[in-house]
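Chemist: One structure follows; several queries about it will come next.
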């Protein structure tokens, strides 16, 4: 029954065909359960463990690695290599299994969001059936059941209230709507048929909790038809979309591109060597084909950066540790990088932008009343407006006059302020305490009462010349409640008349020295109407309140309201000393004390964080269930009103309400999503729709939330950010949890994400340029007809161990200083752009060859050993390239030197390792020279290089390791050759960095108007610019 809130109680009973005094019969219950099912949330279908595991292998690079491992195993067994045939496949299998474990754990955690929704369902319900009350399982409820609700009950279904026992009935629906205070419910219908959940005050929603009063109602929705059921539907629909993160998409695209290149080169290598299939050394055409097929497999292994998944995972894990220290707990590793390309942050207001603690910021008292009769003096002059500083629950802050900005040294010496503090302390059930573990002040009680309690502590006590400064000498534990304790000792609280929605006030009787005083707090309209006198600061006595003074107070209250302050009025009057009970009739003839204006203030650091976002090209949208005026007031204070206008109200295209948004067509909604800064009075579907629209425009969206209602939007957003104080559902649906609920922490996380992406580019550059060198080496060797330079096991060692450690250490590179002064990168921006890829190719080619002397580096070391090394055979180029035609005994060397001597491949492998260590230093910065960003900026990298070199030395000089990796110890002469072949890679990359910086200078020149209009600074122009410099 979707419109139950817009119907009277009688109309609802008629539509559901139920007698409220009798309830449903057993036959009715059976019939309705067949129609509507059980009152349970759908558990959905879980993915089997096997499907989750198989999903982790659905990746192009992973499939190529699996194929390479399987092929290597088959060929090794066919050639009777024994246990050595298992080495390469085993290493690859270990890598893939480790990555699969991480993936399965991530997806398992994500599935918990739906399971947690079940915790918000009631277990039992008190229901009227067949004329009698009974307790039944909540799952057996059906639409039409008459249900009794009492304090502490978890509401078992969506219920249209039909009767309230007592003066008030309140429900905590914060998990569902995000409202910070309990909501007062009524039985009156709502005028609007279309209304957000917050406005449906006659409906008690499933999963919320009764905090005050008793009520009766009729079930209008059960199971998946309830508000919380619709949220689960939305979460399930988002899960079905199965969207990947920007980093995953980029790595997938890179993998697809790399796989095509690998396939082309492997086929080309095999085809080039068809003429060698019949060579005598192979023992037949079939064995020759198998041999060169193994070469192609080695080429595939060389081209694939096997360590890339592990290094990416490690780098992201390092990022999560850094963020954890900043109180941002990351649940999914990939979300760390996604933060870096965030272009829109949709932030909740309460608790994220604001402190979630009501704080009194303004107090108004009457100074004198005579001025009101003098036409020469403004009515407002009889009032004094005070500003109260300080945030949160800390009893610290100054009270100053707004007009003169003069701090009031002893506010408790002002009669109105003193009695306002007494009233604030006595009409109060809250408490403050200091928590030594968290070094903060904790509160217990309603937020408005806590605000009054803190105000009373800031005002201090009368009679001390150095008050409130004297309070600073108390310990923090004593200071938390010093004034409250004092006033409790002075006044005995005899009786209380609680707040109700008709009177809109509450009162207490305080007895002191045989005299009783009635203290009252409530809404300004209700309290001011009952006041006949006013306590003035000038005379310190209660004087009759005139119409002019009343008008001035009314105008002041409206001024506060226009600032979105929540206003309370406080009053008092003496009563008979023997009166021990209060009735509403006693709340008349009151003496007005003053107004208190309060709000949930913005966190002090949020405004600066918003400014940082603006500088970084990130748009901030404040999304809240609160009313429009309050939302806009907070938005102005944190700097979201950057439209250049003036006044309290935002322009029409910058601030929208949920219902206003619903009435727009699709195009208008799309435009509104791109222009809005404030989105108020929203419900769950509005947040989800906003994320959909922003993502449709190519934006990368971060969405915050803390309630059950936020789960669909958190799951749909590129980055879902839950509050540490939020519900378990929100936390499990989110990618990141803010332990401190602070918006500024999001901005810190975005900066960290940008730094991680830059580091990702650096280690991808490092690993890919290494692999390109290996490919060049194997390809050229095969094309020239040289012996096998590097075997697959050697390539795996270099790719995983000697490359893996420095690549991981690159994750510790410090972010560049201007990282939050750049616009966010596009979500479709590749990890490797065209110019960067050209640089990879150039550096990679150098790893394979040294152009000035046309002597190959890896191959050059290999050839050097055969042709020029004094400890080698000193053969000719023709003899080397015709090695397959070697006949034992004809030459002065044995033919086994091509097949069994491990010296040449050891030199090539060592050159590759040392070149990669120098290349790791090149990767310290994408464009900065080593002269400006020295290795000392990343000591982890220096350590990784040292460890990698030591590990490589170990496999050379430890006999059993040397056997596994087919290497042999090197002589001092061979080590010198390794160094001179390797070191020029630094000069090559320094030159390329200089060209890049020159191109950036040219781009800045174009921006300054020094280049022809429309001249595009692309790679061609960079090259032209470089040659013009030369």
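The values are calculated or read from the model by the stated rules, or taken from the named source; none is laboratory data. Quick caveat, the model's predicted, so the values are computed rather than measured. Cβ sites come from the backbone with ideal geometry, for glycine too, and all protein chains shown count toward neighbours.
Chemist: Looking at this structure, is residue 734 crowded, with 23+ Cβ neighbours inside 10 Å and under 26 Å from residue 900 (Cβ atoms)?
Modeler: Details: crowded, with 23+ Cβ neighbours inside 10 Å: yes; under 26 Å from residue 900 (Cβ atoms): no.
When the stated conditions are applied, residue 734 does not pass them.
Chemist: Okay, moving on. Can you confirm whether region 754-770 contains a residue that is modelled with pLDDT of 80 or more and in contact with a strand residue (DSSP E or B) (Cβ under 6 Å, 6 or more places away or on another chain)?
Modeler: No, because not a single residue in region 754-770 is modelled with pLDDT of 80 or more and in contact with a strand residue (DSSP E or B) (Cβ under 6 Å, 6 or more places away or on another chain).
Chemist: Between a first residue in region 889-903 that is more than 14 Å from residue 867 (Cβ to Cβ) and in the same structural domain as residue 862 (by TED's automatic domain parsing) and a second residue that is in a loop (DSSP other than H, G, I, E, B) and modelled with pLDDT of 80 or more, which pairs have beta carbons less than 7 Å apart while being 6 or more apart in sequence or on different chains?
Modeler: From residues that are more than 14 Å from residue 867 (Cβ to Cβ) and in the same structural domain as residue 862 (by TED's automatic domain parsing), the pairs are 902/966; 902/967; 902/968.
Chemist: Among all residue pairs at least 6 apart or on different chains, which show Cβ distances below 8 Å where the first residue, located in region 955-983, is at positive phi and the second is modelled with pLDDT under 90 and in a helix (DSSP H, G or I)?
Modeler: 966/793; 966/794; 966/905
Chemist: Specify which of the listed residues (949, 924) is at pLDDT 80 or above, within 18 Å of residue 798 (Cβ to Cβ) and either surrounded by 13 or more Cβ atoms within 10 Å (Cβ to Cβ) or assigned by TED's automatic domain parsing to the domain that holds residue 802 (or both). Steps first, please.
Modeler: On the way: 924 fails: within 18 Å of residue 798 (Cβ to Cβ).
Answer to the check: 949.
Chemist: Quick test for you: out of 620, 708, pick the one residue that is buried (at least 17 other Cβ atoms within 10 Å of the Cβ), on the phi < 0 side of the Ramachandran plot and at pLDDT 85 or above. Can you show your working first?
Modeler: Working: 708 fails: at pLDDT 85 or above.
One residue alone meets the criteria, 620.
Chemist: Among (1) farther than 26 Å from residue 569 by Cβ; (2) in contact with a helix residue (DSSP H, G or I) (Cβ under 7 Å, 6 or more places away or on another chain); (3) at pLDDT 85 or above, there is one condition residue 337 misses while meeting the rest; what is its number?
Modeler: (3)
Chemist: Kindly establish whether residue 534 is in the same structural domain as residue 411 (by TED's automatic domain parsing), under 25 Å from residue 362 (Cα atoms) and in a strand (DSSP E or B). Spell out the reasoning first.
Modeler: Details: in the same structural domain as residue 411 (by TED's automatic domain parsing): yes; under 25 Å from residue 362 (Cα atoms): yes; in a strand (DSSP E or B): yes.
It is true that residue 534 is in the same structural domain as residue 411 (by TED's automatic domain parsing), under 25 Å from residue 362 (Cα atoms) and in a strand (DSSP E or B).
Chemist: It is to be established whether one or more residues within region 740-754 are part of a loop (DSSP other than H, G, I, E, B) and at negative phi.
Modeler: Within region 740-754, the subset part of a loop (DSSP other than H, G, I, E, B) is 740-742.
Narrowing further to those that are at negative phi: 740, 742.
There is at least one residue in region 740-754 that is part of a loop (DSSP other than H, G, I, E, B) and at negative phi.
Chemist: Among the candidates 525, 543, which residue alone is in the same structural domain as residue 412 (by TED's automatic domain parsing), modelled with pLDDT under 95 and either part of a strand (DSSP E or B) or crowded, with 17+ Cβ neighbours inside 10 Å (or both)? First the steps, then the outcome.
Modeler: Details: 525 fails: either part of a strand (DSSP E or B) or crowded, with 17+ Cβ neighbours inside 10 Å (or both).
Criteria check complete, one pass: 543.
Residue-wise test of (1) in a helix (DSSP H, G or I); (2) within 30 Å of residue 755 (Cα to Cα); (3) without any contact (Cβ under 8 Å) to a residue 40 or more places away in the chain.
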position: 593; (1), (2), (3): no, no, no
position: 612; (1), (2), (3): yes, yes, no
position: 626; (1), (2), (3): no, no, no
position: 641; (1), (2), (3): no, yes, yes
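Results for (1) assigned to a loop (DSSP other than H, G, I, E, B); (2) closer than 30 Å to residue 898 by Cα; (3) in contact with a helix residue (DSSP H, G or I) (Cβ under 9 Å, 6 or more places away or on another chain), shown as yes or no for each residue.
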{"site": "760", "(1), (2), (3)": "no, no, yes"}
{"site": "771", "(1), (2), (3)": "no, yes, yes"}
{"site": "777", "(1), (2), (3)": "no, yes, yes"}
{"site": "790", "(1), (2), (3)": "yes, yes, yes"}
{"site": "797", "(1), (2), (3)": "no, yes, yes"}
{"site": "817", "(1), (2), (3)": "yes, no, no"}
{"site": "820", "(1), (2), (3)": "no, no, yes"}
{"site": "823", "(1), (2), (3)": "yes, no, no"}
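Chemist: Also, quick follow-up: Name the residue that is nearest to residue 495 (Cα to Cα), counting only residues in region 406-437 that are modelled with pLDDT of 90 or more, out of contact with any helix residue (DSSP H, G or I) (no Cβ under 7 Å at 6 or more places or on another chain) and part of a loop (DSSP other than H, G, I, E, B).
Modeler: 427
Chemist: Looking only at residues in region 817-844 that are at pLDDT 70 or above and surrounded by 14 or more Cβ atoms within 10 Å (Cβ to Cβ), which one is farthest from residue 257 (Cα to Cα)?
Modeler: 820
Chemist: Collect the residues in region 504-517 that are buried (at least 19 other Cβ atoms within 10 Å of the Cβ) and either under 50 Å from the mean Cα position of the chain (by Cα) or in the same structural domain as residue 186 (by TED's automatic domain parsing) (or both), keeping them in residue-number order.
Modeler: Passing the criteria: 505, 506, 507, 508, 509, 510.
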